[in-house]
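The values are calculated or read from the model by the stated rules, or taken from the named source; none is laboratory data. It should be emphasised that the depicted structure is a prediction, and the values quoted were computed from it without experimental measurement. We place every Cβ from the backbone using ideal geometry, glycine too, and count neighbours over all the protein chains shown. The protein model used for the area step is the full one, side chains on, heavy atoms only, and it has no ligands, DNA or RNA in it. Shrake-Rupley method; radii C 1.70, N 1.55, O 1.52, S 1.80 Å.
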Amino acid sequence: MQGRYTMTFPDYTIGVEAYEKIREICPRYGKSVVVIGGRRGIEAAQAKMAAAVDGVGLEFTGFLLAGGETSYENIEKLRRDQAVEDADMIFAVGGGKAIDTAKQVAHLQHKPFFTFPTVAGSCAAAASIATIYHADGTFCEYAYSDEPPVHVFLCTRMLAQAPVEFLLRGISDTMAKFYEAQIASRGKTLCHSDGMGLALSQMCLEPLYAYGEQAVADNKAHAATKAFEEVVLAIVMTSGLVSNLAAPEYNGHIAHALFTELTNITAGEAGCQKHSGLAAYGILLLLLCDGQQQEFARFYEFCRKIGLPTSRRDICASEEDIHRVFQATEKKQDVKILPYRITQDMLHRAANELEQYNKR
């Protein structure tokens, strides 16, 4: 990175009554708010938000549905809504796609935004980057920005009510951040921000090994415990900061490329129970391709304990699906930043090795 650059960090509040901090933080940025989110997210958060702004001079200009996919069509429609035009700030509520939609609206309209995740499925609530999809739900591209949310409100009471599948997705996606960054940065001299991001990526791994199994059990019981809180912080805040600090090539390659392609196949979209943990399958293949047998065994056992996919059957993919996924993965631009070339043959060998490992 050369020339002048600015790093901006999101603040955050976490706890069972995190929304109470709205009245202290948000009035500094104006008097009117538009809420953009998913239907379920808005339904879950609206009453808490209304109570939090009562008596502090904040008024809502509207509650707008994000529209399902984080597509440019939805983003363009929302940015032109009068409720957005009239608002001083934007509250982004819901899961990753809803938050990314609201985030992009905020970026385009140059308005400060605050995030209120209702599931811990990704780092979207803390990251400045947004994942853009086509209207049919297939991946389009990443939209980059250096403007993260002003503040992230993590209500653990609400997050613990979400289905555990979201937490499993968040865990696998977050752990991929470390493994991918570790390999992509091998042998390279890092600038300050990349080095900070890579150092922080260690916190995307060890807290999840330490607390992940208990957090999954607590989520199933809808309990906002210490273990659950630690895992939420790793998924949302730590991973989000790594995304904001480190260059894109360190933030995702094989595991994320495989995840993207697997979500695009018909079998993946058709309702596989473990669709939410597809990145875990990519991590397993990545570790095998990289020859990290000991770390592979460690991650494999972790996956088995908490319910992440470890086989082709778990991800509901046929042999033909896998072949197409590996073809597309080999062609991905971000694969080329690795210290060596990952080929279809390497991926097929790793996949076969993984299938044999599952038979032990």
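When the solvent-accessible area of segment 164-358 is split by element, carbon and sulfur atoms take up 49 percent of it, the probe being 1.4 Å.
Solvent-accessible surface of segment 179-237, averaged per residue with a 1.4 angstrom probe and all protein chains in place: 42 square angstrom.
Loop-located chymotrypsin sites (Phe, Trp or Tyr not before Pro) in segment 289-360 (DSSP state other than H, G, I, E, B) with a sparse environment of at most 16 neighbouring Cβ atoms within 10 Å: 340. Across segment 164-358, the relative contact order, built from alpha-carbon pairs under 8 Å that are at least six residues apart, equals 26 percent.
Calculated on the alpha-carbon coordinates, the convex hull of segment 24-101 measures out at 79 cubic angstrom per residue.
Averaged per residue, segment 11-161 has 42 square angstrom of accessible surface, using a 1.4 angstrom probe with ligands and nucleic acids left out.
Relative contact order of segment 1-139, taken over Cα pairs closer than 8 Å and 6 or more residues apart, is 25 percent.
For segment 194-256 versus segment 73-112, the spacing of their alpha-carbon centroids is 26 Å.
Translational diffusion of the chain, estimated by Stokes-Einstein from the Kirkwood radius over alpha carbon pairs at 25 °C in a medium of 0.890 mPa s, is 119 µm² per second. When the helix-only estimate is applied to the chain (DSSP H runs of n ≥ 4, each -39,500 (n - 2.57), divided by the residue count), what is the mean residue ellipticity at 222 nm, nearest 500 deg cm²/dmol? Here the helix-only value at 222 nm equals -15000 deg cm²/dmol. Taking all Cα pairs closer than 8 Å and separated by 6 or more residues, the relative contact order of the chain comes to 15 percent. Computed packing ranks the peptides 24-32, 144-152 as 144-152, 24-32, most packed first, by mean other Cβ atoms within 10 Å. Counting only Cα atoms, the size of segment 1-48 along its three principal axes is 46, 25, 25 Å, in decreasing order.
When the listed pairs 48/111; 21/188; 103/177; 188/220; 188/331 are checked against a 32 Å cut-off, the alpha-carbon distance exceeds it for 21/188; 188/220.
Under a 5 Å amide H cut-off, with hydrogens placed 1.01 Å from N, residue 64 pairs with 35, 36, 37 among residues at least 5 apart or on other chains.
What is the calculated FRET efficiency for residue 193 to residue 343, with r their C-beta to C-beta distance and R₀ = 41 Å, to the nearest 0.05? That gives a FRET efficiency of 0.85. Our estimate of slack between residue 247 and residue 157, defined as 0.36 nm per intervening residue step minus the Cα-Cα distance, is 29.1 nm.
Please compute the volume of the convex hull spanned by the alpha-carbon atoms of segment 165-243 and report it per residue in Å³.
Given the Cα convex hull of segment 165-243, per-residue volume reads 73 Å³.
Along each principal axis, taking the top coordinate minus the bottom one, the Cα set of segment 164-358 gives 43, 41, 29 Å in descending order.
Express the carbon and sulfur contribution to the solvent-accessible surface of segment 11-161 as a percent, rounded to the nearest whole number, probe 1.4 angstrom. C and S fraction of accessible area: 47 percent. Taken as Cα centroids, segment 286-360 and segment 164-182 sit 15 Å apart, rounded to the nearest whole angstrom. Given springs between every Cα pair under 10 Å in a Gaussian network model of the chain, which of 284, 108, 58 has the largest fluctuation? It is 108.
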